[in-house]
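The values are calculated or read from the model by the stated rules, or taken from the named source; none is laboratory data. Since we're looking at a predicted model, the values are computed, not measured. Note that we place each Cβ from the backbone using ideal geometry, even for glycine, and neighbour counts take in every protein chain shown. Ligands, DNA and RNA are excluded from the accessible area calculation, which covers all protein heavy atoms including side chains. Shrake-Rupley method; radii C 1.70, N 1.55, O 1.52, S 1.80 Å.
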Amino acid sequence: METLQVILIPMSNTGNTEKQKSATVAIIGRPSAGKSTFLNTVCGGKVSIVSPVPQTTRNTVRGIVNASMGQLVFIDTPGYHESEKKMNKKLQDLAVNQLAEADLILYLLDSSRIPGSEEELIVSILLPYTEKLVCGINKTDIKGSFSGVCRVFLTEKLKNLNNGRIFDISAKNDTNIDPLLIELFKMAPEGEALYPPEYFTDQEVSFRISEIIREKAINLTRDEIPHCLFVEIQDMEMKKNGKELWVRGFLCVERESQKGIVIGKGASVIKKIKEEALKELNSIFPYRVNLDLQVRVNKNWRQNDTILNKLI
């Protein structure tokens, strides 16, 4: 089996001689705040999967922005919300742990709704970190956006936060993103880049494939399925002198009834998941991807620490 490399995207040579900035930036926000969309927009490529289903992100996904000012390594954390379930508690811990470790923090608010208890909870967590905090009031492109209410909320709850670090943005439409990035670069410490300038993510090939499959499965199944499934990549083999990657993957669900939903009548759903996954995978990788995708049951996997530790 040949070694699989991270996909690279070249950055133009700016010829900049100024001292370079380098920082890790943890992104935090409630589920569906637009964190993954923001990450994909600023990185110029598919880094994090996107779905209308809350809590799609289960890992700390890294996206890398290279510019003349330096390099920002964004860490997309799972959506933070109130829950006592074992899996959700692990996701909460994952998000909070990144705040202390990161050089900077980006807090994204969903302006399509008035700030509530979840925003209150996130703000309470952010209070010790206002010196390294930037806020993006997202989804301002939506009609009826509560961007003004969100701004008042931030200024009242985070009194030590500089108002110049609050930005009205639309990650979907790439609106007002550049000023936000410039502010992050200004705050970033001087230092060497953490990754070569041609990288836009550090994800392993197997992870990228499993996440794209999961995204398609989430978007093509019923409401009760998305949080009940995970993707396991069983085998990968490079063939035809590096021109084709063969992958065997399993869509794992918790119950037999869910297996039937994911497969669909006449295998219609699983075929569609495979078709859409392959379309995107073959647009990303420089070699052809051949996917063997099956569905199997792994009962109560969300209560299994061994599986959760692998996934999160």
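For F146, the residues whose modelled amide H falls within less than 5 Å of its own, excluding neighbours fewer than 5 places apart on the same chain, are S112, R113. Taking a ≥ b ≥ c as the square roots of the eigenvalues of the alpha-carbon gyration tensor, the stretch 101-234 is classed oblate because a/c is 1.5 or more while a/b is no larger than b/c.
With each label modelled as a point 7 angstrom along the Cα→C-beta vector, the K186-M238 pair spans 4.5 nm. Rounded to the nearest whole Hz, the Karplus-based 3J(HN,Hα) values (6.51 cos²θ - 1.76 cosθ + 1.60, θ = phi - 60°) of the stretch 187-204 follow the sequence 7, 5, x, 5, x, 6, 4, 7, 9, x, x, 8, 7, 10, 7, 10, 5, 6, with x at glycine and proline.
Evaluating 6.51 cos²θ - 1.76 cosθ + 1.60 at θ = phi - 60° for every residue in the stretch 240-249, the Karplus couplings come out as 6, 6, x, 8, 9, 10, 8, 10, 10, x Hz, glycine and proline recorded as x. The apolar share of the surface of the stretch 136-194, taken as the fraction of accessible area on carbon and sulfur atoms (1.4 Å probe, ligands and nucleic acids excluded), comes to 47 percent. Shape of the stretch 202-300 from its Cα gyration tensor (a ≥ b ≥ c, root eigenvalues): rounded if a/c is under 1.5, otherwise prolate when a/b > b/c, or oblate? It is prolate, given that a/c is not under 1.5 and a/b is the larger ratio.
Using 0.36 nm per residue and subtracting the Cα-Cα separation, the extra length available between K157 and I284 on full extension is 41.5 nm.
Backbone phi angles across the stretch 290-297, fed through the Karplus curve with coefficients 6.51, -1.76 and 1.60 (θ = phi - 60°), yield HN-Hα couplings of 10, 10, 9, 10, 10, 10, 9, 9 Hz in residue order; Gly and Pro are listed as x.
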